[in-house]
Amino acid sequence: MTAKESFKDVGVDLADLVATVEIRRPPHNFFDHALIRQLADAFEALDRDPACRAIVLAAQGKSFCAGANFGDGGDLEENGQLKGGPDANRIAHLYVEAVRLFRTRKPIVGAIQGAAVGGGLGLALVPDFRVTCPEARFSANFTRLGFHPGFGLTVTLPELVGRSKAALMFYTSRRIKGEEALAMGLADLVVPLHQVRAAALALAREIATCAPLGVMATRATLRQGIADRVRAATDHELAEQTRLRQTRDFKEGIKASAERRTPKFAGR
């Protein structure tokens, strides 16, 4: 890989054994199948490059990743599907690409400078470590939207913070601030906002000073089976999301979110 490589929505800058992979869809970096595929392509290319020993996953703009963009609810059919195509099929393909992220071999540090919401939280849990700031927000807001968590979060979140804290985040959809994220194990380092990327790079460079084969072997042992567990989880998550997208509660959740009001769920 060249020192600077660019995909459509992802930039890669490799220097001093550390690659910065930057999401470039500001301000909120909403994702789709194409973006997750580009990230997986970049990570796999870096896996093959001996000049890279560690990766920083960062993002332009205000948010790290605000998840998928559902709009204002006006693009939803009565059955909860997005107009213009089979929504479940598109998400299934996206989850296939997401599993690729968990199969890569080199250590990743996440520079979480803003909101990581919904599927964006799932993306923030791909890295081995997270450097964040007091202004950041972490939220598994799926039940607030009227449906089921995705992006493998039913595996990755409880493995990181424990089943009880994960359930609290899922059931309440509450926003977790940077300092609280550190206390509960969701983040590993909190620094001022303007220092997030520099601190993530410093951690990645520290990792890069160690023997690369030893680091990758240790990482593979610690993360053994994670990609397979995420794949099984996303199969179940997708089935539940597809079922719940057909409810009135899902459409109300999306509409209320766009209108910035409290949703009025009816349980149907």
- Message: Residue under question is SER164, and the condition is that it be on the phi > 0 side of the Ramachandran plot and hydroxyl-bearing (Ser, Thr, Tyr); does it hold?
- Response: no
- Message: Here's a check for you: in the range 145-165, which residue that is assigned to a helix (DSSP H, G or I) and either among the charged types (D, E, K, R) or open to solvent by 20 Å² or more (accessible area, probe 1.4 Å) (or both) is nearest to THR247 (Cα to Cα)?
- Response: THR154
- Query: Checking GLY80 against (1) crowded, with 17+ Cβ neighbours inside 10 Å; (2) at pLDDT 95 or above, which single condition isn't satisfied?
  - Reply: (2)
- Which of the following residues is out of contact with any His (no Cβ under 7 Å at 6 or more places or on another chain) and under 30 Å from GLN246 (Cβ atoms): ARG137, ARG130, ARG197? ARG137
- Would you check which residues across the range 166-212 are open to solvent by 60 Å² or more (accessible area, probe 1.4 Å), among the hydrophobic types (A, V, I, L, M, F, W, C), in a strand (DSSP E or B) and under 24 Å from THR262 (Cα atoms) and list them? none
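Output the residue which, of all residues in the range 219-252 that are among the hydroxyl-bearing types (Ser, Thr, Tyr) and open to solvent by less than 80 Å² (accessible area, probe 1.4 Å), is nearest to LEU94 (Cα to Cα).
Applying the first criterion (among the hydroxyl-bearing types (Ser, Thr, Tyr)) to the range 219-252 yields 221, 234, 242, 247.
Then drop every residue that is not open to solvent by less than 80 Å² (accessible area, probe 1.4 Å), which leaves 234, 242, 247.
Values: THR234: 10, THR242: 14, THR247: 22 Å.
By that ranking, first place goes to THR234.
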- Just need a number here: residues in the range 87-111 that are touching a residue at least 60 places away in the same chain (Cβ under 8 Å), β-branched (Val, Ile, Thr) and either more than 17 Å from THR156 (Cα to Cα) or in a helix (DSSP H, G or I) (or both). 2
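Give me the residue from the range 21-59 that is among the acidic types (Asp, Glu) and surrounded by fewer than 19 Cβ atoms within 10 Å (Cβ to Cβ) and, out of that set, modelled with the lowest pLDDT.
Looking at residues that are among the acidic types (Asp, Glu) and surrounded by fewer than 19 Cβ atoms within 10 Å (Cβ to Cβ), I get ASP32.
The values are calculated or read from the model by the stated rules, or taken from the named source; none is laboratory data. A quick note: this is a predicted structure, and the numbers were derived from the prediction, not measured. Ideal geometry is used to build each Cβ from the backbone, glycine not excepted, and the neighbour counts take in all protein chains shown. Heavy atoms of the whole protein, side chains included, go into the accessibility calculation; ligands, DNA and RNA do not. Shrake-Rupley method; radii C 1.70, N 1.55, O 1.52, S 1.80 Å.
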